[in-house]
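Enquirer: First the structure, which I've put down as structure tokens, then a few questions once you've had a look.
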Amino acid sequence: MALVTLIGTFHMELAGEELINKALQQLNPDLLVAESNDALDIKATRRQDLWSGLFDYLAISPELRKKFFACQPYKEHLLSKSYAREKKIPLIIVDLPEEIDDLFVEAYSGKDLVKSYREDLDLKTARQFVIESIEREYERHFLAQGPQLPNPIFYDGSRITSRSIDHVGERDVYMAQQIKEVLIKHSGKRICGFFGMLHLVDPNSKRITDLFEGKFKNLRYYLGEENITYASLIDFV
């Protein structure tokens, strides 16, 4: 049976890049599974490419680029993809497929973002606007998460409410089936994956059972506990 570690994340975690990289270095996986699909890959990759182009054009500092990346919700996918490419290991996307809108693809396929800044604003004004926007967005997330990063409340299940059940269901069933197929096909491999904490919170914990009366069925519920280690990003501080 494969040695599997699934790690719960908070998608907007400001310390996410450092912790994800630490987890990957520590676990040294042979294969990665990802809470993503083709549509998310296009969104994340093209968004990152476009903003990188804009930042190059405006000579945005590495420090500010890191702050921008920290505020992005696709960190797990992009860092997993980069790691898999570097280590020459498979990255298998396991999330429920979404239809890819042609108009969306076109919007993220060119240099529209850079072009709009070049045409509408002079270089100095555009650069200052981007710097202020990044700083403002980072501060907004820091005020919500800090001063301790990572903040345990985003990983201990205390923020789960009765409405959280709306965010698990068909996707979790699908992802569980995909992961089970990966485990069968790649038996004996070290496998790692990052998933939103809601998908990996223990469905049998007292808080969850009291809140949902046994009706909460997430990815962890469908995969079970046997031969899988469940962790969270905060374990890699």
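No lab work stands behind these numbers, since they all come straight from the coordinates. The structure presented is a predicted model; accordingly, all values stated were derived computationally and were not measured. Backbone-built Cβ (ideal geometry, glycine too); neighbour counts: all protein chains shown.
Enquirer: Taking 0.36 nm per residue of sequence separation and subtracting the Cα-Cα distance, how much length would be gained by fully extending the chain between Asp202 and Val237, in nm to one decimal?
Expert: 10.5 nm
Enquirer: Mind checking which aspartates and glutamates have their Cα closer than 12 Å to the Cα of Lys215? Skip sequence neighbours fewer than 8 apart in that chain.
Expert: Candidates past the 8-residue exclusion: Asp166.
Enquirer: Sticking with this structure for a sec: How big is the equivalent ellipsoid of the chain along its three axes, where each semi-axis is √(5λ) from the Cα gyration tensor, reported in whole Å from largest to smallest? Write out the running numbers ahead of the final one.
Expert: Working: eigenvalues 221, 87, 61 Å².
The answer is 33, 21, 17 Å, longest axis first.
Enquirer: In which sequence would Thr9, Thr45, Thr229 go, from the one with the fewest C-beta neighbours within 10 Å to the one with the most?
Expert: On the way: Thr9 25, Thr45 15, Thr229 12.
By the 10 Å Cβ count, ascending: Thr229, Thr45, Thr9.
Enquirer: Oh, and also: What trypsin sites (Lys or Arg not before Pro) in the range 180-237 are in a loop by DSSP, with at most 11 other Cβ atoms within 10 Å of the Cβ?
Expert: Lys215
Enquirer: Step through the residues of the range 205-218 one at a time and calculate ³J(HN,Hα) from phi using the Karplus curve (6.51 cos²θ - 1.76 cosθ + 1.60, θ = phi - 60°), rounding each to whole Hz and writing x for Gly and Pro.
Expert: Using θ = phi - 60°, the values come out as 5, 4, 4, 5, 5, 5, 6, 10, 6, x, 9, 8, 10, 10 Hz.
Enquirer: Listing Val201, Val94, Val173 from the residue with the fewest other Cβ atoms within 10 Å to the one with the most, what is the order?
Expert: Val173, Val94, Val201
Enquirer: Suppose R0 equals 25 Å; then what is the FRET efficiency for Ser133 and Thr45 from their Cβ-Cβ distance, rounded to the nearest 0.05?
Expert: After rounding, the FRET efficiency stands at 0.70.
Enquirer: What length, rounded to one decimal in nm, is gained on full extension from Leu121 through to Lys66, with 0.36 nm per residue of separation minus their alpha-carbon distance?
Expert: Computed gain between Leu121 and Lys66 is 17.4 nm.
Enquirer: Could you work out how much longer the chain between Asp210 and Lys189 gets when fully extended? Use 0.36 nm per residue separation minus the Cα distance between them, nm to one decimal.
Expert: That works out to 3.9 nm of additional length.
Enquirer: Something else now. Collect residues whose amide H, placed 1.01 Å from N in the peptide plane, falls under 5 Å from the amide H of Asp30; neighbours closer than 5 in sequence don't count.
Expert: Arg190, Ile191
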